[in-house]
Amino acid sequence: MSVHKDNKIKLRRQAHALADSSAARHRLDADICKRFIEAFAPDPKKILSFFWPMARECDTRLIAETCSDMGMVCALPVIRTDGHGLVFRQWMRGGPMVRSKFGTMEPTADAPELVPDVMLVPLVMIDLHGTRLGRGAGHYDATLADLRQKKNFMAIGIAYDWQVSDDEALPLESHDQRLDGVVTPTRVLLFP
């Protein structure tokens, strides 16, 4: 195993231990939503993709519900049928959903496929350069690389404060895609 992979595994374990110790995640998710709405005023002309939370991830459903109430079209990621990368299907509050193989919910296969203008991205950790440590499957990195060839959009990490590495850069491999910014309960950071 490479040094980068060893470091990533260690960093994931440390971040998971911190996430497990938090008893106030619902309040923190509401703080993240408030900061996101203040920083990125929802635009009904744009499409927002969010993610259904897995264990220890921030819950972006409140952001999606708020943006939807403000007229923005929202979408959820679905793993491509070839197994590599994501497509985004339109989400509507109360609309039909199915459980994915990861236990998250996603729109049904007949929901329209959309291309986001603003993509909320889950993460395990992020540094002050926009380098993201994900779960390791590479779906978001592949999708970001592909979409950046086709469209100008913003990829915004959603994180708790303990997921931001203020002191050191995270390992960066050739396939890793940096994010454009991150929103936490206490701050919004944009990366050049």
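Summary table
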item	result
Residues within the stretch 60-91 that are of a type outside the set (Gly, Ala, Ser), touching a strand residue (DSSP E or B) at 6+ places or on another chain (Cβ under 9 Å), in a loop (DSSP other than H, G, I, E, B) and over 18 Å from LYS45 (Cβ atoms), tallied	3
Top-ranked residue of the stretch 135-169 - restricted to ones that are under 22 Å from PHE40 (Cβ atoms), outside any loop (DSSP other than H, G, I, E, B) and of a type in the set (Gly, Ala, Ser), ranked as farthest from the chain's Cα centre (by Cα)	ALA155
Positions within the stretch 107-134 being part of a loop (DSSP other than H, G, I, E, B) and within 24 Å of THR81 (Cα to Cα), in sequence order	THR108, ALA109, ASP110, ALA111, PRO112, VAL115, PRO116, ASP117, PRO122, LEU123, GLY134
Residues that are β-branched (Val, Ile, Thr) and touching a residue at least 60 places away in the same chain (Cβ under 8 Å), drawn from the stretch 60-101	THR60, ILE63, ILE79
The lone exception for ALA75 - which of (1) closer than 20 Å to LYS150 by Cα; (2) over 18 Å from the mean Cα position of the chain (by Cα) it fails	(2)
Single match in LEU189, LEU170, LEU133 (criterion: in contact with a strand residue (DSSP E or B) (Cβ under 6 Å, 6 or more places away or on another chain) and either among the aromatic types (Phe, Trp, Tyr) or modelled with pLDDT of 95 or more (or both))	LEU189
Number of positions in the stretch 62-87 that are among the charged types (D, E, K, R) and buried (at least 19 other Cβ atoms within 10 Å of the Cβ)	0
Of the criteria (1) modelled with pLDDT under 95; (2) over 17 Å from SER49 (Cβ atoms), which one HIS139 fails	(2)
Failed criterion for GLN177 (all others in (1) touching a residue at least 60 places away in the same chain (Cβ under 8 Å); (2) in contact with a strand residue (DSSP E or B) (Cβ under 9 Å, 6 or more places away or on another chain); (3) not in a strand (DSSP E or B); (4) not acidic (Asp, Glu) hold)	(1)
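The values are calculated or read from the model by the stated rules, or taken from the named source; none is laboratory data. Not measured: the values here are computed from a predicted model. Heads up, the Cβs are rebuilt from the backbone with ideal geometry, glycines too, and the neighbour counts pull from every protein chain shown.
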